[in-house]
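> One structure is given below, represented as structure tokens, and several questions about it will come after.
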């Protein structure tokens, strides 16, 4: 079997964050969150990474990320482009926003010939999660059984605003449903959704998806069909996008795949809002002080 490959979604614009947060510095040696994800993946056994980026950002990624990891990891770029649509679809002239993570996954097909995992660029997932997924991709994944590492909902919330989360339901360890819940806040270590009238409703503190998936190449034809269906319905809807959790939910509903849910005790944190950066920076500094990471991740 081919060695598992790490794929990172890094082509988004970060509209709420206000910049290219994929390469924003959060470590005290100039690291971004991507550095720590790739380092954790390397420690877990991964030796190839595919970065999904916009073509115009390649030089920035070379300078800030890729040049320092190439001695350790094979690195390839896959380019997400708003105009890259299957025939006969054509991108509306006014469209500038990418079509979402389902399209992003599809652009990696030429780079993948075996099992792979895919994650967000701006999420800190923790070493344990990569170890869990590497083991799954080496020993369990199949063309009709994919995998997901899930996190405890209350551990994925920010104190600086609302978030959207894919709340998971599972039966006998396999994903049965993903419900996208918008405007979730944390209060007194509990999760609440905020409705359109401002009312707060407590949510059960279960497992949620943070876009930590494991697949085989069998996922590509399935995703192509779903993406085509989306384009037929929404191509002329401004800012419409299709995301991996929605696609997975549809595949499960149609009985086409199973998805094993693997819970992790690892810490998750990210930079949804600019105010989150200070918290992320402090936690990473603490991890280095505790010896969980070296000062220089990529020193020979």
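> Among 47, 54, which comes first, then next, by fewest other beta-carbon atoms within 10 Å? Kindly include the intermediate steps, with their values, before the conclusion.
Details: 47 13, 54 19.
Lowest to highest Cβ neighbour count: 47, 54.
> Please compute the contact order of the chain in relative form: average sequence separation of alpha-carbon pairs under 8 Å and at least six residues apart, divided by the residue count, as a percent.
Relative CO of the chain lands at 25 percent.
> Once you order the gyration tensor axes a ≥ b ≥ c over the Cα atoms, which shape class does the range 195-249 get: rounded for a/c under 1.5, otherwise prolate or oblate by comparing a/b with b/c?
It is oblate, given that a/c is not under 1.5 and a/b is not larger than b/c.
> What does the highest-first list of 191-199, 164-172, 270-278 look like by mean Cβ count within 10 Å?
Going from most to least packed, we get 270-278, 164-172, 191-199.
> Here is a further query. Taking the alpha-carbon centroid of each part, what is the distance from the range 116-183 to the range 189-203 in angstrom?
If we compute the Cα centre of each part, the gap is 22 Å.
> Something else now. Once you have a ≥ b ≥ c as the square roots of the Cα gyration tensor eigenvalues for the chain, tell me rounded if a/c is under 1.5, and otherwise prolate or oblate according to whether a/b is larger than b/c.
Numbers: a/c = 1.23, a/b = 1.07, b/c = 1.14.
It comes out rounded by the Cα gyration axes.
> Per DSSP H run of n ≥ 4, the term is -39500 (n - 2.57); total these for the chain, divide by its residue number, and report the mean residue ellipticity at 222 nm rounded to 500 deg cm²/dmol. Don't skip to the answer; put the middle values down first.
Numbers: 7 runs with 75 residues, N = 300.
After summing the helix terms and dividing by the residues of the chain, the value is -7500 deg cm²/dmol.
> If contacts are Cα pairs under 8 angstrom and at least 6 residues apart, what is the relative contact order of the range 183-300 in percent?
10
> As a test, work out the antiparallel percent of DSSP beta bridges whose residues both lie in the chain, rounded to the nearest 5.
Of those bridges, close to 60 percent are antiparallel.
> Just want the ordering: 109, 131, from fewest to most Cβ atoms lying within 10 Å of their own Cβ.
In increasing order of surrounding Cβ atoms, one gets 109, 131.
> When you count, for each residue, the other Cβ atoms within 10 Å and take the mean per peptide, how do 111-117, 96-102, 30-36 rank with the highest first?
Taking the mean over residues of other Cβ atoms within 10 Å, the ranking is 30-36, 111-117, 96-102.
> I would also like to ask the following. Mind running the shape call on the range 34-81? Use the C-alpha gyration tensor, a ≥ b ≥ c as the square roots of the eigenvalues: rounded below 1.5 for a/c, prolate if a/b tops b/c, oblate otherwise.
prolate
Throughout, read-outs are computed from the coordinates displayed, never taken from laboratory work. Computed from a predicted model, the values in this text were never measured in an experiment. All Cβ positions, glycine included, derive from the backbone under ideal geometry; neighbour counts span all protein chains shown.
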